[in-house]
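Read-outs: derived from the displayed coordinates by stated rules, not from any lab. Here the structure is a predicted model, which is why all the values come from computation and not from measurement. Heads up, the Cβs are rebuilt from the backbone with ideal geometry, glycines too, and the neighbour counts pull from every protein chain shown.
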Amino acid sequence: MAGPTRRTFFTFLGVAGALRGEWTQWRGPERDGHSTESGLAASWPTSGPKLLWKSESLGAGYASYSFSDGRIITQGQADGRQFVIALNEADGKQLWRTDSGTAFSERRGNGPRGTPTIDGERVYAENGQGVLVCLNAADGKKLWSIDLLKTFGASNIRWGMSESPLVDGEKLIVQPGGTKASIVALNKADGSVIWKSGSDRAGYSSVIVVEAAGVRQYITLTASAAVGVRASDGKELWRYGKVSNRTANVATPVFHNDHVFVSSDYGTGCALLKLRAEGDGVVAEEVYFNRDMKNHYSSSVLIGDYLYGYSSRILTCMQLGTGEVLWRDRSVGKGQVIVADGKLYLLGEDGVVGLAVPEPGGYREISRFDIGRGNFPTWTLPAISGSKLYLRDQEMLSCYDVRA
């Protein structure tokens, strides 16, 4: 059995065109919730790590952030408009702000949900109304845009379009959820269509790219199922509906060694699927299905042979290969989790931040502090870049020094 601190590595070839290790997209360099940062503090004071700065210019929204060339890029909403915004990493001051469309309003929180993707000198971001923009990273100049819902015959989903675009080589992968275009590959240079696939409505999940069973493929949760489509032409390779519910399929799939783990809440559960070549296609065989890991709005992380994630409100450690639950703990409350320097960084939806050791033997918290919360839960995924921890509460972004 692998030790609990061994990182499980797999390569998403070409994702985001980024230098390895940069947090330039949703869930970090590999879309798996792992930061490559090292030399981070082993514990924090009771008051928390040193606060370097705060910015109150983000506007409403739950978008997380990407980092490149000294810029923090995210999304927000104010004065009836959604926008993509860039801040200076050094002090949090605004560098540019680009309008991306009309406001998105919902009683559980207004504004954009998706995280921008940085690909070299370009930024790709999708707002809560499904408008996709391509911007110049240096100054925010709009290079092209497309209304995904209008273009592909889709309608918005209840809590707003929430995906974070995926760049794979020359392709930009998005999920409009149209009747003839559930998943779409666009040319990242100009937004023209390369291929269209499927007819499922959109889920709230973001696509990952993997090499599995000898085939490069895109995997996501739509509103109807976990699906895998061939990267070259969008042909559906496999689908698995048992993990889907009729309310919201949100979590990003977790891939390892020709296996994919998928999960959703609302009483549903999780499954581990083995992807196997068959003829010129791929089939997904169920290894297990259970109700012991029900990811709601957050996604699990894999460390060695163990998954750490929120099953509804409870932080849970599960053995990936068998689905066996090793422990459960209320931790910092229902929230989000990422991994950096061998530790779990946790953000509860009431603003409690925790640092814990990922051990299958039991939950071991090292430190915690409280950033508080405003009128809405602190649902935004944390991020770590340049030995700094970034935490968002709607318009407020706080930057903490977490160096050793």
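Taken over the Cα atoms of the stretch 290-404, the convex hull encloses 95 Å³ per residue. Residue order for Met396, Met161, fewest other beta carbons within 10 angstrom first, comes to Met396, Met161. Comparing Pro29, Pro360, Pro45 in a Gaussian network model of the chain where C-alpha atoms under 10 Å apart are linked, the largest mean-square fluctuation is found at Pro45. Using just its DSSP H runs of length 4 or more, each adding -39500 (n - 2.57), the chain gives a mean residue ellipticity at 222 nm of 0 deg cm²/dmol after division by all residues.
Largest GNM mean-square fluctuation among Ala90, Ala226, Ala356, using the chain with Cα springs under 10 Å: Ala90. A DSSP coil position with no more than 15 other Cβ atoms inside 10 Å describes the following trypsin sites (Lys or Arg not before Pro) in the stretch 104-170: Arg107, Arg108, Lys141, Arg158. Between Phe289 and Asn257, the distance separating the two model label sites (each 7 Å from Cα on the Cα→Cβ line) works out to 2.5 nm.
Across all Cα atoms of the chain, the radius of gyration (one decimal) and Dmax (whole number) stand at 19.4, 59 Å.
When the inverse distances between all different Cα atoms of the stretch 327-379 are averaged and flipped, the Kirkwood radius reads 11.3 angstrom.
The orientation-averaged projected area of the convex hull spanned by the Cα atoms of the stretch 205-296 comes to 5.2 nm².
Measuring against 25 Å, Cα to Cα, the residue pairs Lys188/Lys242; Lys150/Lys334; Lys93/Lys141 contain Lys188/Lys242; Lys150/Lys334 as the ones spanning a longer distance. Springs join every pair of Cα atoms under 10 Å in this Gaussian network model of the chain, and among Ala383, Ala42, Ala223 the largest mean-square fluctuation is at Ala42.
Only the Cβ atoms of Lys and Arg (+1) and of Asp and Glu (-1) were treated as charged; on that basis the dipole of the chain about its Cα centre amounts to roughly 620 debye.
Taking GluC sites (Glu not before Pro) across the stretch 131-218, the ones in a DSSP loop with at most 16 further Cβ atoms lying within 10 angstrom of their Cβ are Glu170. Among the GluC sites (Glu not before Pro) within the stretch 269-331, not one is in coil by DSSP while having at most 10 neighbouring Cβ atoms inside 10 Å. Between the listed residues Pro165, Thr98, Gly59, the Cα displaced farthest toward the positive end of the dipole of the chain, a dipole computed from Cβ unit charges relative to the Cα centre, is found at Gly59. Spacing of the modelled spin labels on Gln94 and Ile366, each 7 Å from Cα toward Cβ, amounts to 3.7 nm.
Dipole size of the stretch 205-296 about its Cα centre, with +1 on Lys/Arg Cβ and -1 on Asp/Glu Cβ: approximately 240 debye, rounded to the nearest 20.
How much net charge surrounds Gly109 when only other residues with a Cβ under 14 Å from its Cβ are counted (Lys, Arg +1; Asp, Glu -1)?
Details: positive: Arg107, Arg108, Arg113, Arg158, Arg373, Arg392; negative: Glu106, Glu349, Asp393, Glu395.
Counting the neighbours of Gly109, the net charge comes to +2.
Simple spin-label estimate for Asn187 and Trp327 gives 5.4 nm between the two label positions (7 Å along the Cα-to-Cβ direction from each Cα). The Kirkwood radius of the stretch 160-202, taken over pairs of alpha-carbon atoms, gives through the Stokes-Einstein law at 10 °C and 1.306 mPa s a diffusion coefficient of 154 µm² s⁻¹.
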